[in-house]
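The values are calculated or read from the model by the stated rules, or taken from the named source; none is laboratory data. Because the structure is predicted, anything quoted here is derived from the model rather than measured. Cβ atoms come from the backbone with ideal geometry, glycine included; neighbour counts cover every protein chain shown.
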Amino acid sequence: MNDGGFAQFLPPLLRGTELTLMLVAVSGVVGTILGLVFGMARICPVPPLRWVAAVYINFLRGQPVLIILLFIYFALPLLFPAATFNRGFTAIVGLSIYAGAYMAEIFRGSIEAIPKGQEEAAEALGMGYFLKFRYVILPQAMKIAVPPAIGFLISLVKASALVSVIGFVELTQAGHIISNINQEPLQTFLVVAVLYFIVSYPISLLGRWYERRLA
Amino acid sequence: MITSTLNGSPIIEVTGLDKSFGSNQVLKQIDARVAPNEVVCVIGPSGSGKSTFLRCLNLLEKFDAGHVVVNGHDLAASRTNLNLVRRDVGMVFQSFNVFPHLKVIDNVMLAPMKVLKLGRREARERAETLLAKVGLTDKADAHPRQLSGGQQQRVAIARALAMEPKVMLFDEPTSALDPETIGEVLSVMKKLAEEGMTMVVVTHEMGFAREVADRVVFMADGVIVEEGPPKQVFEDPVHERTRAFLGKIL
């Protein structure tokens with residue numbers, strides 16, 4: 001069983017790491033965009049947009065990621081047969097809308113932290129809603145949003161392990177399968193843990209670098 | 001109502017202005033006019049409604065009834081393009097509100113480039129001229145957090161002037177300043193007044209009002225109690241309320 005040594009199991013673990021990275025990168029980017037759109041909608045002057053955003057944010061933040069994934073993969077096709085997605089796409093959609101709900105709250109909080117006087121100064125100069133946000137509010141809000149957004153991205157790395165529930169073979173699931181084959185859970189999961197650290201630690205470093213740059 | 005003694009149709013005309021915050025009516029049937037090139041100082045105790053009145057003039061504060069006509073545009077009319085009107089109405093705030101993420105020169109260039117669509121070079125020339133005017137040429141590349149309050153307020157004045165407004169509103173521009181930097185801001189404002197800028201200044205600086213204003217308006221409890229040339233209001237006020245206020249502060 002173990003004749004090739006542990007080295008033979010490294011390529012599938014690295015492939016799992018690659019897929020975990022891909023999941024976090026794509027759902028992190030899509031989640032950030034969703035978060036920006038819904039975070040701004042949550043506090044925009046148009047009431048129906050505010051309501052839609054509030055429902056999205058509050059409902060999804062209250063759901064376990066597992067339920068979001070299981071619902072998209074198993075339940076959604078029963079409602080809409082057209083919405084039958086493969087595992088990878090389901091994983092990305094599920095993590096993205098989950099991330100979007102959290103990022104929306106981070107952006108909303110950051111925008112609301114900007115003093116009202118900034119908005120008034122922009123308006124007094126004749127800037128409309130778009131100009132005001134693009135050049136005055138968002139550049140300041142982004143700086144405030146970075147530390148909590150980095151923290152959330154790290155937790156997204158960990159949340160990505162949950163997509164194994166729909167059978168998507170990312171790092172956790174790869175480790176699980178391999179430990180069943182080689183019967184070496186200690187070695188296998190130690191390597192998995194080190195690989196997770198290698199993925200998430202640079203994100204913390206990025207956050208620390210950014211905070212130092214601001215200081 | 002006493003109307004301006006200066007010539008020309010008013011640049012700001014306020015009639016029957018009402019404003020309440022909840023059950024607290026802060027402006028009661030205000031009528032006022034400001035003529036081109038006129039400098040009007042609004043004085044009065046805190047809570048008298050003078051800042052709210054000023055903020056209604058560019059609709060940073062929405063009012064409940066009445067009309068504010070600026071440059072021929074009725075702010076109460078729904079068809080009025082507010083952003084277009086605000087281009088011609090500069091505003092300076094008590095708390096400066098300079099943009100902390102932009103360098104001084106970029107603070108001044110932003111609105112001319114984005115709102116007036118000026119080219120970068122033209123906007124830069126305009127900004128440099130204005131920074132020279134407020135005495136901050138050497139601070140063009142500084143960040144606002146490196147400046148004193150008085151310097152930040154002068155940046156804010158240059159930023160407002162960069163839109164080449166027809167009228168400037170000042171909302172207690174020196175109230176948040178250290179005493180030693182008040183003078184530099186007031187002297188910039190005085191220079192503006194001498195150049196013929198139309199100005200409405202809410203202030204507690206009675207010396208400035210007396211020296212620079214064409215007309216002083218005294219407000220209390222949401223109404224204009226009296227108004228007139230500074231000499232008359234300060235030395236021979238008609239109303240008891242005005243006398244009591246001036247007696248306390250002069």
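Things to note:
- When A:Ala82 is tested against (1) farther than 30 Å from A:Gln183 by Cα; (2) out of contact with any Phe, Trp or Tyr (no Cβ under 9 Å at 6 or more places or on another chain); (3) in contact (Cβ under 8 Å) with a residue 40 or more places away in the chain; (4) not β-branched (Val, Ile, Thr), just one condition goes unmet, and that condition is (3).
- Which numbered condition A:Val163 fails, given (1) surrounded by fewer than 16 Cβ atoms within 10 Å (Cβ to Cβ); (2) touching a helix residue (DSSP H, G or I) at 6+ places or on another chain (Cβ under 7 Å); (3) under 23 Å from A:Phe85 (Cα atoms): (1)
- The residues listed here are B:Val167, B:Val217; of these, the one that is under 22 Å from B:Ile12 (Cα atoms), in contact with an Asp or Glu (Cβ under 6 Å, 6 or more places away or on another chain) and either at pLDDT 95 or above or of a type in the set (Lys, Arg) (or both) is B:Val217.
- A:Ile144 passes every criterion in (1) within 14 Å of chain B (Cβ to nearest Cβ); (2) free of Cβ contacts under 8 Å to residues at least 24 places away in the same chain apart from (2).
- Only one of the listed residues (B:Ile30, B:Ile43, B:Ile12) is in contact (Cβ under 8 Å) with a residue 12 or more places away in the chain and over 24 Å from B:Leu192 (Cβ atoms). That residue is B:Ile30.
- In region B:205-228, the count of residues that are in a helix (DSSP H, G or I), within 14 Å of chain A (Cβ to nearest Cβ) and not hydrophobic (A, V, I, L, M, F, W, C) is zero.
- Every residue from region A:53-79 that is among the aliphatic types (A, V, I, L, M), in contact with a helix residue (DSSP H, G or I) (Cβ under 7 Å, 6 or more places away or on another chain) and without any contact (Cβ under 8 Å) to a residue 12 or more places away in the chain: A:Leu76
- Flag if B:Gly44 is away from chain A (no Cβ under 12 Å) and in contact with a strand residue (DSSP E or B) (Cβ under 8 Å, 6 or more places away or on another chain): yes
- Hits in region B:176-192 (condition: modelled with pLDDT of 95 or more, surrounded by fewer than 23 Cβ atoms within 10 Å (Cβ to Cβ) and under 22 Å from B:Leu246 (Cβ atoms)): B:Ile182, B:Leu186, B:Lys190
- Total residues in region A:1-13, condition assigned to a helix (DSSP H, G or I) and either in contact with a helix residue (DSSP H, G or I) (Cβ under 7 Å, 6 or more places away or on another chain) or at pLDDT 95 or above (or both): 4
- Being within 14 Å of chain B (Cβ to nearest Cβ) and at negative phi is a condition met by no residue of region A:166-187.
- Within region B:151-164, one or more residues are surrounded by fewer than 17 Cβ atoms within 10 Å (Cβ to Cβ) and not β-branched (Val, Ile, Thr).
- Restricting B:Leu84, B:Leu60, B:Leu116 to those that are in contact with an Asp or Glu (Cβ under 9 Å, 6 or more places away or on another chain), surrounded by fewer than 19 Cβ atoms within 10 Å (Cβ to Cβ), over 30 Å from B:Gly247 (Cα atoms) and within 14 Å of chain A (Cβ to nearest Cβ) reduces the list to B:Leu116.
- The single residue among B:Val98, B:Val89, B:Val104 that is crowded, with 23+ Cβ neighbours inside 10 Å, farther than 25 Å from B:Gln25 by Cα, away from chain A (no Cβ under 14 Å) and of a type outside the set (S, T, N, Q) turns out to be B:Val104.
- In region A:76-93 there is no residue that is surrounded by 14 or more Cβ atoms within 10 Å (Cβ to Cβ), of a type in the set (A, V, I, L, M) and in contact with a Lys or Arg (Cβ under 6 Å, 6 or more places away or on another chain).
- Any chance A:Ser96 is within 14 Å of chain B (Cβ to nearest Cβ), modelled with pLDDT of 95 or more and farther than 23 Å from B:Val92 by Cα: no
- If you go through region B:193-233 and keep only what is over 14 Å from the mean Cα position of the chain (by Cα), under 30 Å from B:Ser23 (Cβ atoms) and crowded, with 24+ Cβ neighbours inside 10 Å, you end up with B:Phe218, B:Met219, B:Ile224.
Yes/no matrix, rows are residues, columns are (1) assigned to a helix (DSSP H, G or I); (2) farther than 22 Å from A:Leu195 by Cα; (3) within 11 Å of the chain's Cα centre (by Cα):
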site	(1), (2), (3)
A:Glu18	yes, no, no
A:Leu23	yes, no, yes
A:Leu36	yes, yes, no
A:Tyr56	yes, yes, no
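- Against the test of being in contact with a Pro (Cβ under 9 Å, 6 or more places away or on another chain), touching a residue at least 60 places away in the same chain (Cβ under 8 Å) and either buried (at least 17 other Cβ atoms within 10 Å of the Cβ) or more than 10 Å from chain B (Cβ to nearest Cβ) (or both), the options A:Ile111, A:Ile106 yield a single qualifying residue, A:Ile106.
- Exactly one residue out of B:Arg210, B:Arg159 is farther than 28 Å from B:Asn71 by Cβ and out of contact with any Asp or Glu (no Cβ under 8 Å at 6 or more places or on another chain), and it is B:Arg210.
- Applying the set (1) farther than 21 Å from A:Ile33 by Cβ; (2) surrounded by fewer than 20 Cβ atoms within 10 Å (Cβ to Cβ); (3) without any contact (Cβ under 8 Å) to a residue 60 or more places away in the chain to A:Gln187 leaves exactly one unmet item: (3).
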